[in-house]
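*Asks:* One structure coming up, written as structure tokens, with questions to follow.
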Amino acid sequence: MVTQDALNPFDGVKATDLRDEQIEEYFVDFPSGASLVQRIKPAAAMPMIILGGKGSGKTHLMRYISSALQFRRHGTGPRGIRGVARDGYLGIYLRCGGLNAERFHGKGQPAEAWRDVFAYYNDLWLGQAFLSAVDKLFGSDLGENDAIEEFVRRAVKLFDVPVSKRPRSIAQLSKCLATLQRDTDFAINNSSLTRRLDVQLRLSRGSLIFGLPRALAEVASDLANVRFVYLLDEFENLTEPQQQYFNTLLRERQEPCGFKIGVRLYGMLTYRTLGAEEENREDAEFEALRLDRELRDRTAAARAKFATDLVRRRLLEAGYVTDGSGDLKLPEQFVTADDDRFLRKETDAYRKRHGDKISPYLVTLRKKLCGAKGVSGSVPPVSEAAADGIVQRLRFTPSLLVERTSVFLFYREWSKQCDLVASAELIGRDAQNFFDGASGTPHERVLTHYRADIIAQLLRDTNQRQRYLGFDTFVTMSGGLPRCLLTILKHVFTWSRFYGEEPFRRGLISSQAQMHGVREAADWFFDEARAPGVQGVRVRRGMSQLGQLLRDLRFSDKPSECSLCAFSADLGRVSGAAQMVLAEAENWSMLIGIPRGQRDRNDARVDAKFQVHPMLAPRWDLPIGRRGALALRGPEVDATFAPVRAEDFEKVVESRVSRMRAPSFGRRRSMAQERQQLLPGLDDE
Amino acid sequence: MIYDELTWKVKTLNDTIWERRFVWPDIQAWLDNFADDVEGAPSERLHALFLLSNFTYFNPLLMRTLLRSLYRDFVQQPALIRLRRRRKGTLDIASLEAAYKRVQRTMRFVGMGNPAESGTHLLYYFRQENDLPTKLFVHLHELYEGTARSPKIAQGVRYVIFIDDFCGSGTQAVRYSKAHVARIKEIAPNTKLYYYCLFATSAGLKKVREKAKFDHAEAVCELDSSFTSLEENSRYFRHAAGADIDRTFCREMCHRYGKSLIHNDPLGFGGCQLLFGFAHNIPNNTLPIFWSDGGIARQWAPLFRRYTKVFKW
């Protein structure tokens, strides 16, 4: 009997939830030369800010280079010291979320008091993290006793006020810092009641953060060339003044220290520093690594390899593959979309169910033809018999795809006000030629660009779900966020089990399991990747409206752009409110900014260009690959992302979509045509 | 698309409340009982899936929670309120607890029906969940002492509380009352007899209150007529998913199949038309299309199998 209780190898998608050994086991990298670990340059002096969307792998990467993982790889004691020396760095990992940063604020205290207390507190906090890593590194290595004693002696001298009980070992020194930190915690936590901040600052800013590594490097010759790197994760949890403090540390960095800061795309609130309030600049004071873009910009082959390794590690861990040597070809585990030229697999099933019944899109076309009552500039009204004649000419029972393409071409001709009967006649002949293998036909040309859209329309017309199938599709959908890939697979796996399948063990993962899983993952992404509060609501609304607009255009009678999932706009003509929503949507990865933008068709201006994150594509039946982009005017962007009135957006949709919709194709009736509808329409042939 | 949405809902229910009882092939096997879709006609399978997506299933955890509610709301709290009122609204918890203990010692809990029936089956969990002493639970015959000719109610018993899981049409409770409750009342008219169940239809409960001899009858969850799934004021069709779902068609379908499964009660015992089930069994008031296996009359793959009572031997 099939049960659903098999371990889901894709559960546990957050690096913060993983144990050290899981971080090690699940870690994958690009091949040497393109390695992310090399890209992050752990031993480099220049500080680095690692920017990335939620789930882009910042935490995993930073934990991978942390001391805990270094010790797993090298061990501790003399072996560990040699290993760390070979690495050239020792990573001290801290999560800023653990600081409870919001405590350092208000309570009747001036801002400068909090600034100093925060700086002091961080010296104690980072100092302890450093000592903890060093203590583990030395382990029980008695040979280093003298060096350690000397290190502790020097460390004690870093205090402005002598500590009461002189520590003799790293453990005692660490305990001393913990006591001071506890006293400070006590004073901070009670200051809201006492309205006093009874803290004695025993250290100058940065004296432990920079002083401890320097002292160690001076006394431990094996570590003389090692960089001590503070890995500060979840930087977005700090307030602006607190970030200013760390920015100052970056600017005033002393040897042999280094900094890597992990922060969400929206999380860098300031680059300013304290004191003179200078601003840190990229490539001067720090280097930036934009992780999701970094992953997106790799070649398709490299991305596929990375994703395959990522998934294989999970499967290996859960016992679905026996080793990492490639006994399981991932793309072959999934049912994929019908790649037949005429989409026979998909459409034959439909034909079987519905027989020779006239296709729904031809029924719609007929209705539109009969309803086209003297639209301005359009052909005269069409009689029912003429409409039937047109439908008969466009009908093509051997292939639904060819037939749907004919209808697509016919709408184009109609919008150009061509002779409809003649056009239908010609398109019908072309359909047969194309089906017989002739090249250079209009059907072939239009399918070169619009194949995905025509298939999407065909699926929708025949009341079927859009197909987001196959491992490669999932990799593209993840848009540079590894967590997205894992989340898709998690849901696909669950659905597959529900359908009684044995994913990654026997048989293929069905298309229905994939479609449901993808849709669930898309919903998760939409709920998860959004800013909190009012701005988050605005982003959701804006994205929903954008999705609706793009969907309506994609499924219109005569879409002007193929594979529409992007738009461009001159942001100079967009309101501040809409710009803020756009920026927030990009920061939360709902939109992907396209670096080179879009050149305007009418002048040389380069507009900003954004793509809907492919994870969201299933929500609005959009394509995941970007080809065309919708050029929006400033007021249209405003109406979509920051409408003053609800009807503003409806007007945009109506104005945009009506241009693509039969019978009017955006033309308004003139008085002359109002009269014309009283005249006889196009007669029977 | 609606089929997908309903599948989605069923999976969510299955993953959460239904404790992953099923995989899709089980559900598909059940759906295959219904006719294939025909172009232009309402889909039987879609309607069956719609009913399934509205099926209310109570897993063991939920049943245990309801048993706690039953004791707290119908036994403990009313008694405590009365005791406190008698003591002029005292806030002395210790004295109230002591008084309640004394009252509790005069209570006896009896499972409704035969020892092999579900009412009795629940007593074990009822005792566990409410941390009650075992001596408060008795067999029916233990309520009596004395001789067969001059029976007396057992010494110290003032309250007899009958526990049941489900009251559908109320027929069983009334029958039971006639057989046993009337006798206890005759022997000891001052003994209070209560009937408490986890679920009851409004009609069933009304019948028990009117025709049985209990001093008080109550249900944790009372199911009004909107739970009669296929009738006009059915709660399930109030927001039915679009034009694809039609109540009249659905009723006709359930009746047609139900007739071939349970000839006398095609829409469930007493015509209750319920969409209810418990982890330990499915009431016969639920639509037979869910629980009947068709017997020898026809082949039918049930989804929530009901274990029927065997009365004859």
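*Asks:* Every residue in region A:505-534 that is within 14 Å of another protein chain (Cβ to nearest Cβ), surrounded by fewer than 19 Cβ atoms within 10 Å (Cβ to Cβ) and of a type in the set (Asp, Glu), please.
*Replies:* Hit for region A:505-534 is A:523, nothing else.
*Asks:* Within the bounds of region B:195-203, is there any residue that is in a helix (DSSP H, G or I) and either at negative phi or β-branched (Val, Ile, Thr) (or both)? Full working, then the answer.
*Replies:* First, the residues of region B:195-203 that are in a helix (DSSP H, G or I): B:202-203.
Filter once more, so that each one left must be either at negative phi or β-branched (Val, Ile, Thr) (or both): B:202-203.
Yes; the residues of region B:195-203 include at least one that is in a helix (DSSP H, G or I) and either at negative phi or β-branched (Val, Ile, Thr) (or both).
*Asks:* Does residue A:611 count as touching a residue at least 12 places away in the same chain (Cβ under 8 Å) and closer than 20 Å to residue A:51 by Cβ? Can you show your working first?
*Replies:* Numbers: touching a residue at least 12 places away in the same chain (Cβ under 8 Å): yes; closer than 20 Å to residue A:51 by Cβ: yes.
It is true that residue A:611 is touching a residue at least 12 places away in the same chain (Cβ under 8 Å) and closer than 20 Å to residue A:51 by Cβ.
*Asks:* Here's another thing I want to ask about it. I'd like the full set of residues that are in a loop (DSSP other than H, G, I, E, B), within 23 Å of residue B:253 (Cα to Cα) and within 10 Å of chain A (Cβ to nearest Cβ), limited to region B:1-35.
*Replies:* Taking region B:1-35 first, the residues in a loop (DSSP other than H, G, I, E, B) are B:1, B:16-23, B:32-35.
Now restrict to residues that are within 23 Å of residue B:253 (Cα to Cα): B:1, B:32-35.
If the condition is that a residue be in a loop (DSSP other than H, G, I, E, B), within 23 Å of residue B:253 (Cα to Cα) and within 10 Å of chain A (Cβ to nearest Cβ), then B:1 is the only one that fits.
*Asks:* Given (1) away from chain A (no Cβ under 14 Å); (2) in contact with a Gly (Cβ under 8 Å, 6 or more places away or on another chain), where does residue B:78 come up short, assuming only one miss?
*Replies:* All conditions pass for residue B:78, except number (2).
*Asks:* While we're on this one: If you go through region A:37-45 one residue at a time, do you hit one that is within 14 Å of chain B (Cβ to nearest Cβ) and outside any helix (DSSP H, G or I)?
*Replies:* Within region A:37-45, not a single residue is within 14 Å of chain B (Cβ to nearest Cβ) and outside any helix (DSSP H, G or I).
*Asks:* Shifting gears a bit: Which residues, counting only those in region A:167-188, are touching a helix residue (DSSP H, G or I) at 6+ places or on another chain (Cβ under 7 Å) and not hydrophobic (A, V, I, L, M, F, W, C)?
*Replies:* Here is the first cut: in region A:167-188, the ones touching a helix residue (DSSP H, G or I) at 6+ places or on another chain (Cβ under 7 Å) are A:167-171, A:173-174, A:177-178, A:180-181, A:184, A:188.
Hits for region A:167-188 are A:167, A:168, A:169, A:174, A:181, A:184.
*Asks:* Next question, about the same structure. Filter region B:36-64 for residues that are exposed (fewer than 14 other Cβ atoms within 10 Å of the Cβ) and either within 14 Å of chain A (Cβ to nearest Cβ) or in contact (Cβ under 8 Å) with a residue 60 or more places away in the chain (or both); which is nearest to the chain's Cα centre (by Cα)?
*Replies:* Taking region B:36-64 first, the residues exposed (fewer than 14 other Cβ atoms within 10 Å of the Cβ) are B:36, B:38-41, B:60-61.
Now restrict to residues that are either within 14 Å of chain A (Cβ to nearest Cβ) or in contact (Cβ under 8 Å) with a residue 60 or more places away in the chain (or both): B:36, B:38-41, B:60.
On the way: B:36: 34, B:38: 37, B:39: 40, B:40: 39, B:41: 36, B:60: 13 Å.
Ranking the candidates gives B:60 first.
*Asks:* Okay, moving on. Answer with yes or no whether residue B:12 is of a type in the set (S, T, N, Q), surrounded by fewer than 16 Cβ atoms within 10 Å (Cβ to Cβ) and not assigned by TED's automatic domain parsing to the domain that holds residue B:158. First the steps, then the outcome.
*Replies:* Values: of a type in the set (S, T, N, Q): yes; surrounded by fewer than 16 Cβ atoms within 10 Å (Cβ to Cβ): yes; not assigned by TED's automatic domain parsing to the domain that holds residue B:158: yes.
Yes; evaluated as a whole, the condition is true for this residue.
*Asks:* Are any residues in region B:115-145 modelled with pLDDT under 80 and loosely packed, with under 13 Cβ neighbours inside 10 Å, and if so, which ones?
*Replies:* Here is the first cut: in region B:115-145, the ones modelled with pLDDT under 80 are B:115-120.
Residues satisfying the conditions are B:115, B:116.
*Asks:* Would you confirm, using the coordinates I've provided, whether residue A:404 is surrounded by fewer than 22 Cβ atoms within 10 Å (Cβ to Cβ), on the phi < 0 side of the Ramachandran plot, outside any loop (DSSP other than H, G, I, E, B) and touching a residue at least 24 places away in the same chain (Cβ under 8 Å)? Even if it seems obvious, please write down each step before you answer.
*Replies:* Details: surrounded by fewer than 22 Cβ atoms within 10 Å (Cβ to Cβ): no; on the phi < 0 side of the Ramachandran plot: yes; outside any loop (DSSP other than H, G, I, E, B): yes; touching a residue at least 24 places away in the same chain (Cβ under 8 Å): yes.
So residue A:404 fails the test.
Every residue, every condition in (1) in contact with a Cys (Cβ under 6 Å, 6 or more places away or on another chain); (2) over 29 Å from residue B:181 (Cα atoms); (3) not assigned by TED's automatic domain parsing to the domain that holds residue B:21, yes or no:
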site: B:199; (1), (2), (3): yes, no, yes
site: B:245; (1), (2), (3): no, yes, no
site: B:248; (1), (2), (3): no, yes, no
site: B:253; (1), (2), (3): no, yes, no
site: B:257; (1), (2), (3): no, yes, no
site: B:268; (1), (2), (3): no, no, no
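*Asks:* Quick check on my filter: what residues within region A:409-467 are polar (S, T, N, Q) and under 30 Å from residue A:517 (Cα atoms)? Let's see the steps before the verdict.
*Replies:* Going through region A:409-467, the residues polar (S, T, N, Q) turn out to be A:415, A:417, A:423, A:432-433, A:439, A:441, A:448, A:457, A:462-464, A:466.
If the condition is that a residue be polar (S, T, N, Q) and under 30 Å from residue A:517 (Cα atoms), then A:448, A:457, A:462, A:463, A:464, A:466 are the ones that fit.
*Asks:* If residue B:170 meets every condition in (1) more than 30 Å from residue B:101 (Cα to Cα); (2) surrounded by 22 or more Cβ atoms within 10 Å (Cβ to Cβ); (3) touching a Ser or Thr at 6+ places or on another chain (Cβ under 7 Å) apart from one, which number is that one?
*Replies:* The single condition residue B:170 does not satisfy is (3).
*Asks:* Next question. How many residues are of a type in the set (A, V, I, L, M) and either outside any helix (DSSP H, G or I) or out of contact with any strand residue (DSSP E or B) (no Cβ under 8 Å at 6 or more places or on another chain) (or both) if we restrict to region B:50-69?
*Replies:* Keep residues of region B:50-69 that are of a type in the set (A, V, I, L, M), which gives B:51-52, B:61-63, B:66-67.
Filter again for either outside any helix (DSSP H, G or I) or out of contact with any strand residue (DSSP E or B) (no Cβ under 8 Å at 6 or more places or on another chain) (or both), leaving B:51-52, B:61-62.
Result for region B:50-69: 4.
*Asks:* Of all the strands (runs of 3 or more DSSP E) wholly in region A:225-292, which have at least 2 residues that are modelled with pLDDT of 85 or more, in contact with an Asp or Glu (Cβ under 7 Å, 6 or more places away or on another chain) and not polar (S, T, N, Q)? Full working, then the answer.
*Replies:* Numbers: elements: A:227-233, A:257-264, A:287-290.
In region A:225-292, A:257-264 are the strands (runs of 3 or more DSSP E) which contain 2 or more residues that are modelled with pLDDT of 85 or more, in contact with an Asp or Glu (Cβ under 7 Å, 6 or more places away or on another chain) and not polar (S, T, N, Q).
*Asks:* Please enumerate the residues belonging to region B:95-144 that are among the small types (Gly, Ala, Ser) and not in a helix (DSSP H, G or I). Outline the logic, then answer.
*Replies:* Initially, region B:95-144 is screened for residues among the small types (Gly, Ala, Ser), giving B:95, B:98-99, B:111, B:113, B:116, B:118-119.
B:111, B:113, B:116, listed by residue number.
*Asks:* If I filter region A:607-624 for residues that are buried (at least 18 other Cβ atoms within 10 Å of the Cβ) and farther than 24 Å from residue A:476 by Cβ, do I get at least one hit?
*Replies:* Checked region A:607-624: at least one residue is buried (at least 18 other Cβ atoms within 10 Å of the Cβ) and farther than 24 Å from residue A:476 by Cβ.
*Asks:* Please find, within region A:10-36, the residue that is nearest to residue A:301 (Cα to Cα) out of those that are among the aliphatic types (A, V, I, L, M) and in a helix (DSSP H, G or I). Reasoning before the result, please.
*Replies:* So in region A:10-36, the residues among the aliphatic types (A, V, I, L, M) come out as A:13, A:15, A:18, A:23, A:28, A:34, A:36.
Retained after the next criterion (residues that are in a helix (DSSP H, G or I)): A:15, A:23, A:36.
Details: A:15: 25, A:23: 24, A:36: 16 Å.
Among them, the one singled out is A:36.
*Asks:* When region A:222-245 is examined, which residues are found to be in contact (Cβ under 8 Å) with a residue 60 or more places away in the chain and either of a type in the set (Phe, Trp, Tyr) or over 25 Å from residue A:100 (Cβ atoms) (or both)?
*Replies:* The answer is A:222, A:223, A:225, A:226, A:227, A:228, A:230, A:235, A:245.
The values are calculated or read from the model by the stated rules, or taken from the named source; none is laboratory data. As the structure is a prediction and not an experimental result, all values here were calculated from the model. Cβ sites come from the backbone with ideal geometry, for glycine too, and all protein chains shown count toward neighbours.
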